Structures are given as structure tokens and as C-alpha cells.
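Here, each number is a calculation from the coordinates, and none is a lab measurement. Just so you know, these numbers come straight off a predicted model, no measurement behind them. Cβ atoms come from the backbone with ideal geometry, glycine included; neighbour counts cover every protein chain shown.
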Amino acid sequence: MTQDERPQDTASHLPAKAVAGLRSPIEAEVAERLAWLIRLRWLAVVGTLAAIAAADQMVPGVLPLGALIATTGFIAAYNLGFHLIARRLAGIRDEARRALYARRFIHFQVVLDLLCLTVLLHFAGGIDTPFWAFYVLHIIIASILLSPQSAYAYVAVAAVFYGAMVLLEFFGIIPHVYLNGLACPGYYARWTTLLSTGSAFLATLFFSAWMATSISTRLRARDLELVRLNVELERRAEELSNLNRRLQEIDEARKRFVRVAAHELRAPVAAIQSYVRLILSGYVPAEKQEEILTRVEQRALELLDRINDLLILSRIQEHVEKREQVNAAEVLQKVVELMRPAAEEKRLRLQVEIEPDVPPILADREQIQHVWMNLISNAIKYTPAGGYIEVTLSHRPTSIIGSVRDSGIGIAPEDQEKIFQEFYRTEEAKQIAPHGTGLGLSIVKQIVEGLGGRIWVSSAPGKGAKFTFVLPRSDVAAPAE
């Protein structure tokens, strides 16, 4: 790959892949510039023929018309071929590949143009003709279309071609075309002529290349900066769009949360109010009042449970927590002691296996307790009498692993992802416990993920469920990503 084919440098703060893919508009249009170069050559052919005709009218018989017209015809012929090649290049769909071939094609054209210009200058009087200034045009074109290095390289190529022509004429190796009446006899064969004209030639080409490349480089840098800013703006716009979409989702979730929470809190309050009204209105005889008050107490406890879930969820979402070194095994043992009477009342076999020396985790003790209580209470609630529940706690080099497995009603595959959503409950769960909030597993998931862990479920309808969570150990540094 030549210097011209390398991507231009850009801002360093963009990702490497993005930087490699950025190209200025000038670079991206190299293939399209081929047509412009070919049209310019057609104009040069017409202009050369017109100049030859005019010169022949002014000084008849001085110029070798046959050689000049043949050289111009050769330029026209290869320009026609270039036109056909350019049309084929335009059909290449891969932009990078098309630009690569276009650059190589431009290099070939510039070299051939310089060579033909040198031949035309030889037949137009060699060092005696002032038309060597047309080399400047080619250097400017190279500076616009190619890299600065290529422009200076073509200054050297032009110098070699022009120098070879004047030296070959100077030493008589090729005949000098004398412009009778327009140039001094023997002017081309003087050392002073070679030195003065050669110095002027090199200086003119060099400063032309320097000026053209300076302007072109600045334009490319500005174009590339515009491209970079455009990419940055598109990235920021995408980020803003994502943030806006996320805010809309959060707002919708908040509205749904308020609706569902109000509904869930209203039901037990309405039931309590109804029971109390019956008692106050005297519709409940004295011997039935204790039963009604027991129901009131149950609904009040349900209400407290729901409020407690909402408070826990609010604390998690607001990141209000007290993290400390927590012994998950100790928390699990206390939760099992609290939950075992409920399991025994339902004739469930509750088995607990805790590996020795379970390392601590950095967490909120109440949140870890809530994780265990929710998973075990769900297992008790949705496991038919006579079933079993297995609770395990183990550890690995960088984490602890907890699981709760039961022989309960199980969870259908299409519900296994949804059960971790707020307020979601399966139809089977509603049949067993109509008054659940659907917040428990959502809270558990947010607690676990908030501590840098993850939770998942393995289940099938009628075959029980196994909830497993993994939390990072606090005594081991997290591995570098």
C-alpha cells in the first residue's frame, strides 16, 4: 500500500476502528475526480491543437506539425482508454477498493501526462519554449488528488524528464527544434541557459508543490475534522435518543408502578374497611366478631407485607443501603429457623446444606435476608403438602452460590423471564395465592444484580423450580475485564 492509500490521521480520542474508517470528503471523492481529470485532458488536447494551428499561422513551417499532431493524437487516444477504464472503476461497489484502484490509476495518468508533455515541449522548441510552465499544472493536480509526498515525488519526475530532454538536446543526442525567428541560435547549447532555466524550472515546480500541498493539506484536515464532528454528533444524537427512550420507559414504568401499587394497596384496605363496617353496624354477632377480626388482622398483615416490599424496592432503586461484611451462611441459618415452622405446618421436608467456611460478601444484611426469605417462602407457598425444599450455599474462588430447589408447581418456559418483572405473577401462582404482589422476585433480582451478581431459574411445569444466585466474595478482588 502506498502512502496515498493509507487512511489519513484523525482525532486520537475516537475509537481505533472509527479512526481507521474516517476519510475526508476529498479522499472519498477520488474515484469521482477521475472523470474531472479526463475532461481536463480533453480540454488540453483541444487547446494544444488550437495552439499548434495558431503557431503555424504565425510562423509557418517552423514547427514539426506532424510530430506535434501525432503526440497530441496519442494523448487523445489514451485518454479515451482512460475514460473506458474510469467507467469500469465506477462500477465497483466496494468504496475502499474503488478508491484504491482510482489512486493507482491517477498515478499512472500523471506519469504518462508528464512524459507526453515533455515530448510536446521537445517538438515545440525544447528549452527555448516557455510552455514548460504547464508542468506546474500537473504538479497542482497531483497535490489536489494525491498526498503531499506524491506531489513532491512528481516534482522530481518532472525534473528528470525535462532535464533529460534538455541534456539530450545539449549534447546533440536528439535534434533540437529551432524556433526560427522566436529564439536565439545556439541558445539551447549554452551552460548558462541550462543553469538559469533549470534553476527557475526547479524553483517554480517546488514552490508550486509547496503552496498547493499546504492548501490541500489544510483543506483535508478541515474536511476530516468536519467528518469527525459529524460522526461525534451522530453518536451523541444516538445516545440522546437512547436516553430519551429510556426516560420514556422509566416514566411509563413509574406510571404503571403507581397504578398497580395503588390497586394492590387498595384491595386489603377495602377488605379491612368492609369488615370493620360490618362490626360497627352491628351485623356481626359477638360470637363471630373474633373470626372477623382475625380476617382483618390477616388482611392488615398482607397490607404491611406489600408496604414493606414497596419500601424495600424504593430503597434499592434509590441506592439507600448499608453495606458491610455479611456472613451469608449465618443469615441463611436464621432465615431457615424462621421459615421452618411454616414448612413443617405444610408437611414439607426442608433440607439445608451449607459448605464450611463460606467467605463473607459485601452487602446490606437486610437485603441478603430478604433474598433468602423470599426464595424460601415462595418455595413453601407453591409446593404442595408432602413435598420437599432443598436450600444450598457453597462457594467458589471468586463467588458464593446460593440455591433454593422445590418440588412445587413449577414455572412454564414462557414465564421464566417474566417472573422477575415487577408485579408479574403466573396464572398458576394466582390460583394458589390470589393476594400476592408480584414484587418479591423483582426485588430479589435487583438486590442480586446491585451487588454485582446474577440470578436465574431452572424449571418445568409440575416438576418444581430451582432458583440459583451468584454473588461476588468480598475477600477476593474482582478480575480485570
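In this label model, residue 192 and residue 463 are separated by 10.8 nm, measuring between points 7 Å along each Cα→Cβ vector.
Can you give the FRET efficiency for residue 87 and residue 211, using 1/(1 + (r/R0)^6), R0 = 45 Å, r = Cβ-Cβ distance, to the nearest 0.05? Efficiency for this residue pair is about 0.85. Each peptide among 447-454, 406-413, 338-345, 72-79 gets the average number of other Cβ atoms lying within 10 Å of its residues, and from highest to lowest they stand as 406-413, 447-454, 72-79, 338-345. A cut-off under 10 angstrom between Cβ atoms defines the neighbours of residue 362, and their net charge, with Lys, Arg +1 and Asp, Glu -1, is -1. With the simple spin-label model, which puts each label point 7 Å out from Cα in the Cβ direction, the residue 417 to residue 347 separation comes to 4.0 nm. Close amide H partners of residue 387, meaning residues 5 or more places away or on another chain with modelled amide H under 5 Å apart, are 349.
Pairs from the table (255/381; 255/334; 322/381; 346/466; 255/418; 255/346) lying more than 28 angstrom apart at Cα are 255/381; 255/334; 322/381; 255/346. For region 146-253, applying the loop criterion from DSSP together with a ceiling of 14 other beta carbons within 10 Å to the chymotrypsin sites (Phe, Trp or Tyr not before Pro) yields 171. The convex hull around the C-alpha trace of region 323-472, projected and averaged over every direction, spans 8.2 square nanometres. Counting charges near residue 245 (Lys, Arg +1; Asp, Glu -1) among other residues having Cβ under 12 Å from its Cβ returns a value of -4. Placing R0 at 22 angstrom, the Cβ-Cβ distance between residue 222 and residue 149 gives a FRET efficiency of 0.65 after rounding to 0.05. Sorted from longest to shortest, the spans of the Cα atoms of region 316-406 along the three principal axes equal 38, 31, 17 Å. Each label was represented as a point 7 Å from its Cα along the Cα-to-Cβ direction; for residue 475 and residue 95 these points are 5.7 nm apart. Sequence-ordered 3J(HN,Hα) estimates for region 460-467 from the Karplus curve with 6.51, -1.76 and 1.60 and θ = phi - 60° stand at 8, x, x, 10, x, 9, 10, 9 Hz, glycine and proline given as x.
For residue 276 and residue 239, a Förster radius of 51 Å and the Cβ-Cβ distance give a FRET efficiency of 0.40, rounded to the nearest 0.05. Rounded to two decimals, the Cα radius of gyration of region 40-146 over 2.2 N^0.38 Å is 1.23.
Taking amide hydrogens as placed 1.01 Å from N in the peptide plane, the amide H of residue 125 sits under 5 Å from those of 177, each at least 5 positions away in sequence or on another chain. Backbone N atoms of region 90-120 closer than 13 Å to the 7 Å Cα→Cβ label point of residue 40 belong to residues 106-107, 109-111, 113-114. Computed over Cα pairs, the Kirkwood radius of region 3-240 leads via Stokes-Einstein (0.890 mPa s, 25 °C) to a diffusion coefficient of 122 µm² per second.
For region 68-97, the residues whose amide N sits under 20 Å from a probe point set 7 Å from the Cα of residue 230 along the beta carbon direction are 93-97. Between region 125-162 and region 42-86, the alpha-carbon centres lie 19 Å apart. Per-residue extension of 0.36 nm, minus the Cα-Cα distance of residue 288 and residue 337, leaves a gain of 14.2 nm for this segment.
For the pair residue 449 and residue 305 in one chain, pulling the backbone fully straight at 0.36 nm per residue adds 49.6 nm over the alpha carbon distance.
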